[in-house]
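Enquirer: The structure that follows is given in the form of structure tokens.
The values are calculated or read from the model by the stated rules, or taken from the named source; none is laboratory data. Computed from a predicted model, the values in this text were never measured in an experiment. Virtual Cβ from ideal backbone geometry, glycine too; neighbours counted across all protein chains shown. Ligands, DNA and RNA are stripped out before the accessible areas are found, and what is left, the full protein with its side chains, is counted by its heavy atoms. Shrake-Rupley method; radii C 1.70, N 1.55, O 1.52, S 1.80 Å.
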Amino acid sequence: MNERFDPAQADTRWQAAWDEAQCFKADDGSAKPRSYVLEMFPYPSGRIHIGHVRNYTMGDVLARYKRMKGFEVLHPMGWDAFGMPAENAAMEKGVHPGGWTRDNIANMKAQLKRLGFALDWSRELATCEPEYYGQEQSLFLDLYEHGLVYRKESAVNWDPVDQTVLANEQVIDGRGWRSGALVEKRKLSQWFLKITDFADELLEGLSTLDKWPEKVRTMQENWIGKSTGLQFHFKPANFDSQIEVYSTRPDTIFGASFVAVAAEHPVAQQVAATSAEAQAFIEECKRGGTTAAELETAEKLGFDTGFRVVHPFTGAELPVYIANFVLMEYGTGAVMAVPGHDQRDFEFATKYDLPILRVVAASADDADKPFEGEAEAGDGICVHSDFLNGMSVAEAKATVIARAENEGWGEGKTVWRLRDWGVSRQRYWGTPIPFIHCEVCGVVPVPKKQLPVTLPEDVDFSTPGNPLARHATWKHVDCPQCGKPARRETDTLDTFVDSSWYFLRFASQPDDRPFDPAQIAQWLPVEQYIGGIEHAILHLLYARFWTRALARIGKIEVKEPFGSLFTQGMVTHEVYSRKEDGREIYFGPSEIERTADGATLKEDGQPVTVGKVIKMSKSKKNVVDPDEIVATYGADAIRWFMLSDSPPERDLPWSEAGIEGCARFVQRLWRLFAQHDVAVEGEDKAVDRKVHQTVAAVAEDIESLGFNKAVARIYELTGVIEKAQPSASRSAAIRKLLLLVSPMMPHLAEEAYAEFGEGLIANAAWPQVDPALLVEDEVTIAVQVKGKLRDTLTVAKGTAKEELEALALASEKVQRALDGAQVRKVIVVPDRLVNLVA
RNA sequence: GCGGGCGUGGCGGAAUGGUAGACGCCGGGGACUUAAAAUCCCCUGAGCUUUGCUCGUGCGGGUUCGAGUCCCGCCGCCCGCACCA
């Protein structure tokens, strides 16, 4: 064996060996239990970044471990390959989006290979290839047939310069993020997926996802936003249309002192038609910003329409205001305002001097308690509320709803925040929506046998707008129904559709259909899904919806795609900067010489400011390139770093010192493995025990994704073996240690394992644990006096209580601490501690 | 405002209610060497009157023989959502 482990030559050699042996190819026909380990597939931006390395290393350790434990493991990789950056590159550099994307995929695949991930590359897929998106079109048509896809007019953000629809995230301060042009609201016919049909299911389903982070479940719950209440109408007193309102607090109906409608509400429009003042007010409302900060500070503003409505119980006339805090998109766009028990209404009423009535109080005695500058939204009992008096909030809600339904002026209703999913994008680089517009037949689905509808290659990005729409020939087709000339749909699908079913295609990818349900049933749900928290809502909700939709139309059985979800933390790095001419200039880690108490710029030797440890970003230059790290330290060192120290859900601070420490440990293990000697004899019980305990503990740690703890235990075991005298036990321990680290440092492990001549360690089994060796025969007992540690005793495991007590009392240190005091009580926890209470 | 999470040495972090600080990093000292690298050994929470003692897990209370851990009340930080009626 060489003195040093040389990753530069070993890494590629073993990567080739795994490929050759097809170690990680999942066998659909296997009799073994299945385990599907999946990390969120990357967007092919061109380079792997360190966050990918962390994500994929975690998944890789789990996948390799599961294989060792005898599972048939599916651990695939693919590319979320459609999207805007490819079109931007096309516009900026004149390259074709397809060529750009495929080059990036080739680069990134090579990078992933250099990291030694145990992936089944035979199932690799890219969403931009017709073999994938054609099947997606077919699924889209299936959903259409079942009424889960529809078209409707909808307001969108329209960039008049780029001539395209922008996502909300692409509108910055009312302007297009690329063009800088003022964004217009336009009404366009858009394709929608009926996710709202699944609102209840998606919400209910969350409670079955007990292996998902609480945080993600809560975020989805809030996003779906279920609320129950009463929808009812107010009769007009001095005009001619009813006002429909929705309230989650019908119990407070006797506290209503006005009605507020949104600026876009028909009643507001009606008033504006005859009042310039009202019109001006409505315009002002529309101008108001919608950012969080603006909303927080925005003053409640209103316009009295002069209209009055009649309270359904008291018959009192309530004024109708147009108010800037009422949203047209939620509920009915109009609210019953109860200032005493809603903070917004309270502020509004205070400003416009409207009555603030108390209708809920802690008790009947508090019925006339004044408000202390804010609304009381909490629970209590009803007061000043006629037939509701004395009821709890819950009782009163039910009572009012029942009465409204009886009397026919309202009904109990569930309202959702969730909107249907608009999937139309006026872009080239996406899945063409498989429909044809015919003047005679209307919107006609493309017959399945004509799929895939492929993207044309010859497209022009020199002018703004959708290249598909202005392509000379592509959109001109004959209607599949009547045969007359017709027009192809030129919108493409939101890329979130592509990522909503890729995990199914990984499990099964026949040529002639999206997947084989029997294969899906074998692999799904994904046992462990790992990715970033940034996908907590959109991707994870869409994927859940898509899975349920396919289940509903009978394509698959599984309802939830991801059994266990893990969201990993970011990789962070300190920021180096210097102020020059009043501007902050940033420097990358490679330009910096880091010392114990500061940092200097290599170029001029002058100090730079060491800033906060934050997420790696190009603008702050605090980025490290995984490829360079692999080239310098080897794949195993960077993999080990990704697993060390920080718990995987928290941020991981990158440091030069840290990666060097990891590289040192790789060599330290190498030297230890070289000491494996089959000729030595003799038993070392302590080493045996330590190894078995570590094997058991590391297995538990990996299964719970506690990689940092597994790493610590491996360090500990390494230290113990190093210090032990040569023995058969020690040699056996070295061999087991090798197996333990093999999921984490597979290259080093293969190189060392080769000495045994037993084939690849990638195919080896996880070491067996002897339960008898998990327990120590000697234990250290803590001896406390009045709860304070005074001494420790080393005794045989299982020593009797009485004996422990006697031994404790015999201790000189204990006697000194007691200082002659009488022991009144003795607590003995066998094999743990003795506490003497004086 | 609502929801979720976090708070332990110089740093990342360990600790089924039972010896706080495992393990790693940084730092200090030493060995080996002509020298360096590499490697190995020792020290490394604070304080003190240093065989040992006192204090110490954001702050204040409580439960307990015993609390980083459980309960109550605060403070601070991070993340997500948000005029959702």
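Enquirer: Taking 56 Å as R0, compute the FRET efficiency from the Cβ-Cβ separation of A:Ser462 and A:Asp240 and round it to 0.05.
Expert: Efficiency, rounded to the nearest 0.05: 0.50.
Enquirer: How large are Rg and Dmax for the range A:560-610 when calculated on the C-alpha trace, in angstrom?
Expert: Final numbers for Rg and Dmax: 17.8, 57 Å.
Enquirer: FRET efficiency for A:Arg487 and A:Asn406, Cβ-Cβ distance as r, R0 = 60 Å, nearest 0.05?
Expert: Once rounded, the FRET efficiency stands at 0.70.
Enquirer: Given a 1.4 angstrom probe, what's the average accessible area per residue across the range A:234-386, in square angstrom?
Expert: 48
Enquirer: Something else about it: Enter the angle in degrees (range 0 to 90, nearest 10) between the Cα long axis of helix A:50-68 and the first principal axis of the Cα atoms of chain A, meaning the one along which they spread out most.
Expert: 60
Enquirer: Further question on the same structure: Roughly how many whole Å is it from the C-alpha centroid of the range A:110-170 to that of the range A:348-362?
Expert: Cα centres, the range A:110-170 to the range A:348-362: 50 Å.
Enquirer: Another question, if that's okay. In percent, what relative contact order does the range A:25-126 have, based on Cα pairs under 8 Å that are 6 or more apart in sequence?
Expert: Taking the mean separation of contacting Cα pairs over the length of the range A:25-126, I get 40 percent.
Enquirer: Can you work out the PRE-style zone for A:Lys369? Point 7 Å along Cα to Cβ, and I want the residues of the range A:312-342 with backbone N under 17 Å.
Expert: Residues passing the 17 Å test: A:340-342.
Enquirer: Now for a different question. Would you mind telling me the share, in percent, of accessible area of the range A:398-555 contributed by carbon and sulfur at probe 1.4 angstrom?
Expert: 49
Enquirer: Would you work out which of A:Gly176, A:Pro44, A:Val423 lies farthest towards the positive end of the dipole of chain A? Charges go on Cβ: Lys and Arg +1, Asp and Glu -1.
Expert: A:Pro44
Enquirer: Next question, about the same structure. Compute the acute angle (0 to 90°) between the alpha-carbon long axis of helix A:97-114 and the principal axis of greatest extent of the alpha-carbon atoms of chain A; round to the nearest 10°.
Expert: 30
Enquirer: Past 28 Å, Cα to Cα: identify those pairs from A:Lys211/A:Lys685; A:Lys66/A:Lys621; A:Lys69/A:Lys685; A:Lys113/A:Lys615; A:Lys113/A:Lys602; A:Lys109/A:Lys618, in the order given.
Expert: Among A:Lys211/A:Lys685; A:Lys66/A:Lys621; A:Lys69/A:Lys685; A:Lys113/A:Lys615; A:Lys113/A:Lys602; A:Lys109/A:Lys618, the Cα-Cα distance tops 28 Å for A:Lys211/A:Lys685; A:Lys66/A:Lys621; A:Lys113/A:Lys602.
Enquirer: Sticking with this one: Each residue of the range A:492-502 in order: what ³J(HN,Hα) in whole Hz does its phi give by Karplus 6.51 cos²θ - 1.76 cosθ + 1.60, θ = phi - 60°, with x for Gly and Pro?
Expert: Calculated HN-Hα couplings, in order: 10, 7, 3, 5, 5, 5, 4, 8, 8, 8, 4 Hz.
Enquirer: Using only the Cα atoms of chain A, what are the Rg and Dmax in Å?
Expert: So, for chain A, Rg and Dmax equal 33.9, 108 Å respectively.
Enquirer: Amide H of A:Ile781: which non-local residues (sequence gap of 5 or more, or other chain) have their own amide H closer than 5 Å, using H built in the peptide plane?
Expert: Placed amide hydrogens put A:Leu793, A:Thr794, A:Val795 under 5 Å from A:Ile781.
Enquirer: Distance in nm between label sites at A:Val443 and A:Ser619, each 7 Å beyond Cα in the beta-carbon direction?
Expert: Roughly 3.8 nm, to one decimal.
Enquirer: Then there's this: So what is the diffusion coefficient of the range A:622-702 in µm² per second by Stokes-Einstein at 20 °C and 1.002 mPa s, using a Kirkwood Rh over Cα pairs?
Expert: 140
Enquirer: Calculate the spin-label point distance for A:Ala765 paired with A:Ala280, positioning each point 7 Å from the Cα along the beta-carbon direction, and give it in nanometres.
Expert: 8.6
Enquirer: Next up: Please compute the Kirkwood hydrodynamic radius over the range A:503-648, one decimal place, Å, based on all pairs of different Cα atoms.
Expert: Hydrodynamic radius (Kirkwood, Cα only) of the range A:503-648 equals 19.3 Å.
Enquirer: Can you pull a Stokes-Einstein diffusion coefficient for the range A:1-142 at 37 °C (0.692 mPa s), Rh from Kirkwood over Cα pairs, as a whole number of µm²/s?
Expert: Taking Rh from Cα pairs, D becomes 193 µm²/s.
Enquirer: Extension gain A:Ala155-A:Ser45, at 0.36 nm per residue separation less the Cα-Cα distance, in nm?
Expert: Result: 36.5 nm gained on full extension.
Enquirer: Please give the direction-averaged projected area of the C-alpha convex hull for the range A:154-253, in square nanometres with one decimal.
Expert: 11.6
Enquirer: Once the range A:501-549 is represented by equal point scatterers at the alpha-carbon sites, with solvent omitted, what log10 I(q)/I(0) does the Debye formula produce at q = 0.16, 0.20 Å⁻¹?
Expert: -0.50, -0.74
Enquirer: Starting from the amide H of A:Ala599, placed 1.01 Å from N in the peptide plane, find each other amide H under 5 Å away whose residue is 5 or more places distant or on another chain.
Expert: Sorted by chain and number, the residues that satisfy this are A:Val608.
Enquirer: Residue by residue through the range A:202-216, what is 3J(HN,Hα) from phi via Karplus (6.51 cos²θ - 1.76 cosθ + 1.60, θ = phi - 60°)? Round to whole Hz and write x for glycine and proline.
Expert: 5, 6, 4, x, 4, 6, 8, 8, 6, 9, 9, x, 3, 4, 5
Enquirer: Okay, moving on. Specify the angular offset, from 0 to 90 degrees and rounded to the nearest 10, of the alpha carbon long axis of helix A:7-21 from the longest principal axis of the alpha carbons in chain A.
Expert: 70
Enquirer: What does the convex hull of the Cα atoms of the range A:458-519 come to per residue, in Å³, rounded to a whole number?
Expert: Enclosed volume per residue, from the Cα hull, is 150 Å³.
Enquirer: Could you give the size of the charge dipole of chain A about its Cα centre, using +1 on the Cβ of each K and R and -1 on the Cβ of each D and E, expressed in debye and rounded to the nearest 20?
Expert: That gives chain A a dipole magnitude of about 660 debye.
Enquirer: Given contacts defined as C-alpha pairs under 8 Å and at least six residues apart, what's the relative contact order of chain A, whole-number percent?
Expert: Over chain A, the number comes to 13 percent.
Enquirer: Let me ask something additional. Taking the Cα centroid of the range A:580-654 and of the range A:200-217, what is the distance between the two, rounded to the nearest whole Å?
Expert: Here the answer is 37 Å between Cα centres.
Enquirer: Rounded to the nearest 0.05, what FRET efficiency do A:Met219 and A:Trp121 give with R0 = 30 Å and r taken as the Cβ-Cβ distance? Could you check?
Expert: 0.35
Enquirer: Can you give me the long-range amide H partners of A:Lys226? Hydrogens built in the peptide plane at 1.01 Å from N, cutoff under 5 Å, separation of 5 or more residues or another chain.
Expert: A:Arg417
Enquirer: Whole-Hz ³J(HN,Hα) for each residue in the range A:760-774, computed from phi via Karplus 6.51 cos²θ - 1.76 cosθ + 1.60 with θ = phi - 60°, x for glycine and proline: what do you get?
Expert: Result, rounded to whole Hz: 7, 5, 4, 9, 7, 9, 5, x, 6, 10, 8, x, 5, 8, 7.
Enquirer: Hey, rough spin-label estimate for A:Tyr330 and A:Glu660, points 7 angstrom out along Cα→Cβ, what's it come to in nanometres?
Expert: The two pseudo-label positions are separated by 5.4 nm.
Enquirer: Roughly how many Å² is the accessible area per residue of the range A:703-767, as a whole number, for a 1.4 Å probe?
Expert: Dividing the accessible area of the range A:703-767 by its residue count gives 34 Å².
Enquirer: Among A:Gln111, A:Thr127, A:Gln22, whose Cα projects farthest towards the positive end of the dipole of the range A:1-128, with charges put on the beta-carbon of Lys, Arg (+1) and Asp, Glu (-1)?
Expert: Sorting the options by dipole projection puts first A:Gln22.
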